[in-house]
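Every number in this text was worked out from the coordinates using simple rules, so none of it is lab data. Only a predicted model underlies this, so the values are computations on that prediction, with no experimental measurement involved. Counting neighbours? That spans all protein chains shown, and the Cβs are built from the backbone with ideal geometry, glycine included.
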Amino acid sequence: MRWLCTLGAGVALVIVLFPVYAIIVGSFESTETLFSGTFYWLPHAATFDNYRTVLQGSSASTQQTVGGSQLGHVMTSLIVGLGTALLALVVAVPAAYALSKYRMRVTVLLVSGLLVAQIVPSIVLATSLFIVFHWIHLVNTYPALILADGTYAIPFAILVLRAFFFSLPNELVDAARVDGASEWTTFKLIVLPLARSAVITVAVFAFLAGWGDFIFALTILNGAGIEPITLGIYSYLGNYSTDWGAVMASAVVALVPAAVLLVVAQRYIASGLTAGSVKG
Amino acid sequence: MTQMNMEIEAGAAPRPWLSSRRKQQLAGWLFLAPAIAYLLFAFALPIVYNVMLSFEHTSPATIANFTAPFAGLANYRAVFQDPTSREAIVRTFEFTFLSLLFQFIIGFALALLFSMRFPGRTFARSLIIVPWLLPLIVTGVIFRFLFQAEGGAINQVLTNVGLTDHPIQWLNDPNLAFWTILVANVWLGIPFFTLLLYSALQDVPVEVKEAAVIDGAGAWQRLRLVIVPIILPVIEVTLLLGFVFTVKVFDLVIGLTGGGPANSTQLITTWSYNLSFQVFSFGQGAALNNVLLALALICSPMYLWLSRSSLQRSRGADT
């Protein structure tokens, strides 16, 4: 019976992971193999050509859809991801602290606002934000993209951190106050160090949101200048023919951070995935 | 930040205990200030502006001016008279309903499976979240690869099993393309449903389950009469959030079908993008956006109600 469960879980895992496996294998196939009309379950004549195309911008295939190196896109995505994480922390950590450890009239209003904000579809924000950024001459800049990507991360971050701060005893804060610490000192020296794991969880999710964002990159950037990896993949798709080797190698590059974080920060990811919604 | 520090300390200096209430209020507002400013800029402003845009005669030239001539209901009329928009709205409902149905069934089955004790379950549970961590555009691209007519894994399997003798044109047949975005989205939602339902199942007290066994309840009865009622609040939240995620789906469709062939996979989101950023009819795009926003916000009273315990929670009475 127990082994039957293992078997069931194994089958489920194969189905869930197969698409990821397929793209990793595909990224090592030659153009001839990819366009041969046959799908190979195992690597067939593996080659690094696609990665060479993608990372150096020189094409090994016969037809090159787009030029340019994806390395620049990786750097752009890293900056956007880190920027989003930083913005989320600066905005969310103090706010979550105030919403859990201070008696404020606005608490219910603000928390309701945050819950509703999570519901608002990004495309609704993207259309208006594009024109607003256009108006204040921020289109095609990092700050614009990071500000927009913050919409994925910040409501979630505040709610998760708030739930965490509730778990810290109020006496901790009161004791610091009695000892004469200012509100800021209490926050900085007593509360922040204890919030380390929750802060990491939030930062990981904010980074992934910024790294994986496509909607805002597509709408707020106009193609000149900065271009994150998600847009790079999209531009390889092409209208009539798809350069599959390049597409898949870039897609694999784009899922590297997720893979790395899954290994390095598994604990934080697992807690973050459930924290926002159930306990929220 | 130093300024904040100084203000707080300045307020505290003369008579710390008498002014502590006001000092705390001030500190609280300062801690909240960045978040309030951000919410106003990134949520309130775009939503209000989107409503304004939907009543304006926009053109590529008007973008520079921030406002455009008043148009009354012209944009809404145009959107509701356009067959593609109407189809996109209906399709969004179908897509959302079918996605949630399959995600829930598969997610619940996996959650029950992972609640059993079996070798390798921790390992399996940690890998099941992989689909969730991928950039959505990557998921779209992966499924575009798998659904190719020639050389796609799905046709290969169907041919090998003998279900078809010719390559099925998944992505080129307007009648079939819808199923590709549905399959991809169900795949994408499995980790979310599995994890949330799994963690709810962990919270069902063992004694309750044992009592049901002693009372002679079969597995199906235990599930239906004992477990489901206990985890019902989590099921509601999960379906609600699933609904909200699904009506927002955009990247996946762009990466997989681009809304085609012949607009057969356009959802409200992708068609709104098309109206605003391909045709540059921001007014009509905004009108369709508001339809989407209304659809998403239908859920908000229920979401707030389900989150009421967290909402009403504030600092204890000792302040």
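Other residues with beta-carbon under 13 Å from the beta-carbon of residue A:233 carry, at +1 per Lys or Arg and -1 per Asp or Glu, a net charge of -3. Residues of chain A were split at every exposed loop site, defined as trypsin sites (Lys or Arg not before Pro) in a DSSP loop with at most 16 other C-beta atoms within 10 angstrom, and the longest piece left, sites excluded, is A:106-280. Taking amide H positions as modeled 1.01 Å from N, with prolines and chain starts lacking one, the residues under 5 Å from residue B:56 and 5 or more places away or on another chain are B:71.
Trypsin sites (Lys or Arg not before Pro), restricted to segment B:54-123: which are DSSP loop and have at most 12 other Cβ atoms within 10 Å? Don't jump to the answer; show the numbers that get you there.
Values: sites: B:77, B:86, B:91, B:117, B:121; in loops: B:117.
Within segment B:54-123, the qualifying trypsin sites (Lys or Arg not before Pro) (loop, at most 12 other Cβ atoms within 10 Å) are B:117.
In chain B, helices alone account for a calculated mean residue ellipticity at 222 nm of -20500 deg cm²/dmol, with every DSSP H run of four or more residues adding -39,500 (n - 2.57). With n ≥ 4 as the cut-off for DSSP H runs, can you work out [θ] at 222 nm for chain A, using -39500 (n - 2.57) per run divided by the number of residues, rounded to the nearest 500? That comes out to -22500 deg cm²/dmol. Each residue of segment B:244-252 was assigned a 3J(HN,Hα) from its phi angle through the Karplus expression (A = 6.51, B = -1.76, C = 1.60, θ = phi - 60°), giving 4, 4, 6, 5, 8, 3, 9, 3, 4 Hz with x at Gly and Pro. The chymotrypsin sites (Phe, Trp or Tyr not before Pro) of segment B:22-87 that DSSP puts in a loop, and whose beta carbon has at most 14 other beta carbons within 10 Å, are B:66.
Ignoring aspartates and glutamates fewer than eight residues from residue A:101 along the same chain, the ones with Cα atoms less than 17 angstrom from its Cα are A:171, A:174, A:183, B:318.
Using θ = phi - 60° in the Karplus curve 6.51 cos²θ - 1.76 cosθ + 1.60, the 3J(HN,Hα) couplings for segment B:278-285 round to 9, 8, 6, 9, 4, x, 5, x Hz; x is entered for Gly and Pro. Output wanted: per-residue J couplings in Hz (rounded whole) for segment A:97-112, from phi through Karplus 6.51 cos²θ - 1.76 cosθ + 1.60, θ = phi - 60°, x for Gly and Pro. Result, ordered by residue: 4, 5, 6, 10, 10, 10, 8, 10, 5, 7, 3, 4, 4, 5, 5, 4 Hz. Taking amide H positions as modeled 1.01 Å from N, with prolines and chain starts lacking one, no residue 5 or more places away or on another chain lies under 5 Å from residue B:68.
The Stokes-Einstein estimate for chain B, based on a Kirkwood radius over Cα pairs and taken at 25 °C with 0.890 mPa s viscosity, is a diffusion coefficient of 103 µm²/s.
With q set to 0.09, 0.10 Å⁻¹, the log10 of I(q)/I(0) for the protein assembly as shown, from the Debye formula over equal scatterers at the Cα positions, is -0.77, -0.94.
Taking the radius of gyration and the Kirkwood hydrodynamic radius from Cα positions alone, what is the Rg/Rh ratio for segment A:42-174, to two decimal places?
1.17
As an equivalent ellipsoid, chain A spans semi-axes of 41, 25, 16 angstrom, where each value is the square root of five times an eigenvalue of the C-alpha gyration tensor, largest first. Could you pull out which residues in segment B:251-288 have an amide N less than 18 Å from a spot 7 Å beyond the Cα of residue B:77, following the Cα-Cβ vector? Output list for this probe position: B:282-288. Taking a ≥ b ≥ c as the square roots of the Cα gyration tensor eigenvalues, segment A:2-47 comes out prolate, since a/c reaches at least 1.5 and a/b is larger than b/c.
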